[in-house]
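Engineer: Dropping a structure here in structure tokens format, bear with me for questions.
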Amino acid sequence: MRKLVNSGSHFEVPIGFSHASRIDNYIAVSGTAPIDNGKTVFIGDLYKQTRYCLELSLQAIIEAGGSIKDVIRTRIMLTNISQWQESAKAHGKFFSQQRPACTFVEVNGFIDPNWLVETEMDAIKSAL
């Protein structure tokens, strides 16, 4: 059975996606941008944007019935890979103990040019 988690983003309906989707014990979180109430937050601050995106993604994991301990993979997409350490510092605040698989990649841009980062997250809800 599929469980969908919606964020309320105005992009979800026209694009046709959910913030997260859970089937059985697998949870996938869509690309998460630094948006709050339809507006980009922390413009120009990669660390804060990354932290905020990870917080939103973890909220979606929790809404889908998982927890931070269930996260097995993160993806961090940046518009400027030379600043990866700022983003990595935010990632480490959440995952330094757990250490999921993680990938940092540079992209040409996002829907909003003020987004410096988007994150994705995958989790497997353990039976324990």
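Rule-based calculations on the coordinates, nothing more; no lab input. Predicted, not measured: the structure shown is a model, and the values here were computed from it. For neighbour counting, all protein chains shown are included, and Cβ atoms are generated from backbone atoms with ideal geometry for every residue, glycine included.
Engineer: Just one of Thr103, Thr32 is without any contact (Cβ under 8 Å) to a residue 40 or more places away in the chain and under 14 Å from the mean Cα position of the chain (by Cα); which is it?
Structural biologist: Numbers: Thr32 fails: without any contact (Cβ under 8 Å) to a residue 40 or more places away in the chain.
Only one candidate qualifies: Thr103.
Engineer: Something else now. If we keep just the residues of segment 106-119 that are under 15 Å from the mean Cα position of the chain (by Cα) and not charged (D, E, K, R), which is surrounded by the fewest Cβ atoms within 10 Å (Cβ to Cβ)?
Structural biologist: Filtering segment 106-119 for residues that are under 15 Å from the mean Cα position of the chain (by Cα) and not charged (D, E, K, R), the one surrounded by the fewest Cβ atoms within 10 Å (Cβ to Cβ) comes out as Phe110.
Engineer: Among the candidates Asn37, Asn80, Asn25, Asn6, single out the residue that is on the phi > 0 side of the Ramachandran plot and of a type outside the set (Phe, Trp, Tyr).
Structural biologist: Only one candidate passes the filter, namely Asn37.
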